[in-house]
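The values are calculated or read from the model by the stated rules, or taken from the named source; none is laboratory data. It should be emphasised that the depicted structure is a prediction, and the values quoted were computed from it without experimental measurement. Glycine also receives a Cβ, built like all others from the backbone with ideal geometry; neighbour counts cover every protein chain displayed.
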Amino acid sequence: MLKEFWTPKNIIFLILVIIVLLFVPKIMGILLLFFASYVIAAALNPYVNRLQKKMSRGLAATTVVTGGIIAVVALFLPIFVIAYKEIRVFVTMLPEKLTLLTKFLLAQKFNGQNISELVDLNSILGSSSQLAQNIFSQSVNITVGFTQVIVLAFAITMIVFYLLVDKTYIRAKFLEFFPADIKDMASCILSSITLKVGSYVRAQILSMVAVGVLVMLSLMVLGVDYSLLLGLISGILDIIPLLGPTIALALIILVTVQLGWIKVILAVAAFLIIQQISNYMIRPFLFGKFMALHPLMVFFSLFVAQQFLGVWGVILAPAIAATICVLIDELYLIPINRGKDIVETSD
């Protein structure tokens, strides 16, 4: 039995598998970049298919990608224009707000003593001033990071464009790796995966918009400054579970603290309630509706992806879960249940 297994063909295949497993961790970032591009391309592909009936595939892909870029700019540019003044004032007032927060906390009592008696006020204020100076001194790093984001966005755009233009060629090359007797099944699986992961983008955008609008409205009701800006930040950061909302909440507390503890508590409570609504109602409903995934599968995929793939994995967790679910359904569940149905019918 073992002698039959250790054929030259099987040995070469095993060596290739080992090499791939060794190199995958080193290129995981690149793989996730291409998978993210594939997800976006899958979301845009239906529109390209519609336009292809009236024009060439290349022109249709160019039109859709250009339209997507224009739509994103048209959506966010007015928000940034409106919020520009708030951003400038917020950054300018940040040192003062840090100082007010420090003084407010030190004025409180702990075990009958003022915190100012337990903590060196000058040291704290010096630290806050130093923090403010560090924020401004990091402008070069921020510029470099912003440039990297632009380069990354450009790379994703180009990958998406070529995935859309050369869809038929790429699909045919991919299917060449499969034996002739299972090419049809592989093609069906690929179509199912593309359909589900494409829906991920629409579900994610709607989820972010819902969170941003709810946070903005709740802060406006409470009379908190920079409500539009904080709502925008909360919506954008919602794409990163746990870490994103934590950063948004910290900024909300920093802005609200000068209004008193009652406003702080109300703002925090409103934000936490919105997060609960998002995590247990909005996101499961949207991902379940658009991707046919059970909420429990969404939660499980988030935890597993965060453990192994970090932030990128968390962002793409529903799309990864959809891919795995399609593979399990097509390769295991459907075949064994089909066999079961045949046995029951014969009985």
| Which of the residues that make up the stretch 45-60 are part of a helix (DSSP H, G or I), more than 9 Å from Leu163 (Cβ to Cβ) and either in contact (Cβ under 8 Å) with a residue 12 or more places away in the chain or hydrophobic (A, V, I, L, M, F, W, C) (or both)? | Pro46, Tyr47, Val48, Leu51, Arg57, Gly58, Leu59, Ala60
| request: Starting from the stretch 174-197, take each residue that is more than 21 Å from Gly288 (Cα to Cα) and list its partners that are outside any helix (DSSP H, G or I) and at pLDDT 80 or above, counting only C-beta distances under 9 angstrom and pairs at least six apart or across chains. | output: Lys183/Glu176
| remark: Residue set Phe271, Phe290; condition at pLDDT below 85 and surrounded by 15 or more Cβ atoms within 10 Å (Cβ to Cβ); output residue Phe290
| field | Whichever residue in the stretch 311-347 is surrounded by fewer than 15 Cβ atoms within 10 Å (Cβ to Cβ) and either closer than 18 Å to Met28 by Cα or in contact with a helix residue (DSSP H, G or I) (Cβ under 9 Å, 6 or more places away or on another chain) (or both) and, among such residues, is modelled with the lowest pLDDT | value | Leu331
| request: Looking only at the stretch 246-266, count how many residues are touching a residue at least 60 places away in the same chain (Cβ under 8 Å) and closer than 14 Å to Met216 by Cβ. | output: 1
| note | Every listed condition ((1) at pLDDT 70 or above; (2) more than 17 Å from the chain's Cα centre (by Cα)) holds for Phe308 save (2)
| Cross-chain or 6+ apart pairs with Cβ under 6 Å, the stretch 221-237 first and among the small types (Gly, Ala, Ser), then surrounded by fewer than 17 Cβ atoms within 10 Å (Cβ to Cβ) and at pLDDT 80 or above | Ser227/Met220
| What residue, among those in the stretch 171-212 that are part of a loop (DSSP other than H, G, I, E, B) and either surrounded by 14 or more Cβ atoms within 10 Å (Cβ to Cβ) or not charged (D, E, K, R) (or both), is farthest from the chain's Cα centre (by Cα)? | Pro179
